[in-house]
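The values are calculated or read from the model by the stated rules, or taken from the named source; none is laboratory data. What you see is a predicted model, and the numbers here were worked out from it, not measured in a lab. Every residue, glycine as well, gets a Cβ built from its backbone with ideal geometry; the counts of neighbours run over all protein chains shown. Heads up: the accessible areas ignore ligands, DNA and RNA and are worked out on the full protein's heavy atoms, side chains in. Shrake-Rupley method; radii C 1.70, N 1.55, O 1.52, S 1.80 Å.
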Amino acid sequence: MPADAKDVWIFQIVHQDTGKPAQGVPVTVLDAAGNPAGYWVSDPDGAVLIPRRETLKLRLRVGLRNEDPIELNTATLGEGPTPLAAPTQLPPTVGPGGERTEWSERGERGEREAAVPPPPRPTEQPEVPGHVLYFQRLALFGERAAGGAAPGGTVVDFFSAPADGPATMRYGVLIDVEEYWQSLGVLWGELLYSVSLTPGDEAKLAVLDGRWRREVEGRERPLQILARLVGTSMLGDLVTALRPELQLDPLTLTEPDLEAAAADTVHMIRDRTERMSQALRRRPLGVVDAQADTPAGGALRTVRNTTRDRLVTFHFFEPLERFKVMVRSPRVRPVIFVPFRLPNVATPDVVRRFGYIFRRTLLDRSLLPELDRLLGATEAAGAPPGRLLEHIESNLLYYSTAIIAVGDPAARHVALSKLRDPMGRPLTEVVENEVVGRVGSAIALPLRSAAQLPPERREALAAYTARPLRVTESFVVTIPHPGVWVSAQAHEPMQQQAESREAAG
């Protein structure tokens with residue numbers, strides 16, 4: 001810590017409500033790009049000493065990453081302390097008796113001054129509300145073959161194009177399941193790396209976290225990522241943004257036993273949730289020395305020993321959180337499956353017409369520049385992008401469903417009004433104009449009521465509605481969080497260690 005006040009800027013972190021000094025508050029200096037350029041922690045008097053530098057503006061962030069940065073004019077900073085307000089929510093301090101202090105934030109990690117005792121614990125907060133994940137599963141009622149003959153052949157062809165002619169309409173149900181996640185608290189997971197630093201020394205480390213996909217618009221929450229591993233979105237990010245339900249694998253009911261189908265769905269969700277949470281933890285995570293070339297995708301982090309008389313060891317841990325998961329009783333709604341002909345959507349005109357849909361549902365995000373060029377080009381601009389149209393042609397079912405599901409509702413209503421259901425009624429009089437899923441080349445439309453089902457199917461749905469499946473058991477799942485947690489362990493002062501060795505000698 002520089003002794004001359006002319007070499008440092010002095011800031012005093014104070015509580016917003018009382019004006020008293022705030023101890024143990026992290027302060028980060030940011031460069032012009034918003035990246036961290038240094039970390040400090042306020043001492044018991046709330047003071048933070050930052051070395052002066054040649055710059056007109058000084059950007060600081062007081063607290064964790066969720067706090068907004070502030071920008072100060074260095075010409076107005078004198079030799080005296082400049083007061084700065086502490087955030088409302090101070091970083092948590094963990095550890096008995098003040099033996100160690102640690103704090104963490106998503107994406108950036110700082111170090112706490114190890115010799116500083118923890119601030120007083122705030123009053124006990126009420127229980128944090130849990131999260132709810134929504135899943136759906138489509139079930140088709142099986143068709144009995146005439147005369148007891150087995151339908152179809154004995155060899156399946158996975159690579160043939162779907163038949164152009166529509167098949168018959170089929171009835172079925174949509175099984176809605178909700179998972180309620182209640183947090184049981186965070187945990188210190190596996191020890192990943194340790195480094196010991198002498199007073200004033202610092203170390204640059206690279207955090208290699210391969211558990212999460214990199215998003216241009218930001219990262220999803222760990223629960224959202226886990227939900228996408230359990231179920232899939234019908235139309236990528238578009239439907240997930242409008243409706244939270246994720247789709248599970250469909251099934252065919254040879255017998256109208258809806259309670260068994262609901263129980264199988266609950267078992268599937270629990271099994272996949274447990275397996276996917278374990279799969280997340282098996283993905284690569286590590287901390288390595290950044291003195292050599294940093295591997296691609298590694299995030300650089302700096303830890304510094306801010307004490308003047310003792311050795312400090314920094315430990316990097318895997319952050320975990322435990323959840324109690326409860327599956328609520330499944331709900332069942334009647335649907336009808338309406339087959340559709342596959343149009344040729346892999347043409348420049350169709351792509352331009354539904355460009356807003358293709359932009360949101362594009363499976364291969366690397367084709368976005370090619371899509372932008374096609375949408376901004378004219379017919380006389382030359383040959384259309386080949387890779388984009390080839391990609392769309394190879395995924396005709398997916399993009400056809402996207403256009404039908406989120407396209408013009410009036411146009412969809414006109415198309416449906418030309419059809420009649422298996423009981424001879426106009427289709428638009430018995431269904432809601434909403435696409436809730438797809439099985440093969442047939443879209444699933446919810447029926448207005450169970451009365452629209454055939455009598456034999458209506459009885460099965462009425463029996464389940466009267467006595468739905470009761471789910472009472474819960475289970476515990478542990479999932480990781482992005483990044484790492486840092487713990488600073490202070491050793492005895494060096495002078496005391498030297499005196500102890502002399503006394504022992």
Odd one out for V435, checked against (1) outside any loop (DSSP other than H, G, I, E, B); (2) under 33 Å from the mean Cα position of the chain (by Cα): (1)
Residues satisfying the stated conditions in the range 345-359, i.e. crowded, with 16+ Cβ neighbours inside 10 Å and in a helix (DSSP H, G or I): P348, V350, V351, R352, I357, F358
The range 212-239 - residue that is more than 11 Å from the chain's Cα centre (by Cα) and modelled with pLDDT of 70 or more and, of those, most open to solvent (accessible area, probe 1.4 Å): T232
Matching entry among L133, L138 (being more than 17 Å from F11 (Cα to Cα), touching a Gly at 6+ places or on another chain (Cβ under 8 Å) and either modelled with pLDDT of 60 or more or not small (G, A, S) (or both)): L138
Pairs where the first residue, in the range 399-426, is over 18 Å from T168 (Cα atoms) and open to solvent by less than 30 Å² (accessible area, probe 1.4 Å) and the second is outside any loop (DSSP other than H, G, I, E, B) and aromatic (F, W, Y), C-beta under 9 Å, 6+ apart: Y399/F358; A402/F358; I403/F358
For A444: the one exception among (1) out of contact with any strand residue (DSSP E or B) (no Cβ under 9 Å at 6 or more places or on another chain); (2) modelled with pLDDT of 90 or more: (1)
Search result, residues across the range 328-338 that are at pLDDT 90 or above and open to solvent by less than 50 Å² (accessible area, probe 1.4 Å): P330, V332, P334, V335, I336, F337, V338
Elements of type strands (runs of 3 or more DSSP E) in the range 45-87, at least 1 residues being more than 22 Å from T307 (Cα to Cα) and among the basic types (K, R): 57-62
Residue tally, condition within 28 Å of the chain's Cα centre (by Cα), open to solvent by 70 Å² or more (accessible area, probe 1.4 Å) and not aliphatic (A, V, I, L, M), over the range 25-75: 4
Top-ranked residue in the range 427-443 [being closer than 14 Å to S400 by Cα and either touching a Gly at 6+ places or on another chain (Cβ under 9 Å) or not hydrophobic (A, V, I, L, M, F, W, C) (or both); ranked as surrounded by the fewest Cβ atoms within 10 Å (Cβ to Cβ)]: G440
Any hit, the range 2-12, residues being surrounded by 19 or more Cβ atoms within 10 Å (Cβ to Cβ) and touching an Asp or Glu at 6+ places or on another chain (Cβ under 6 Å): no
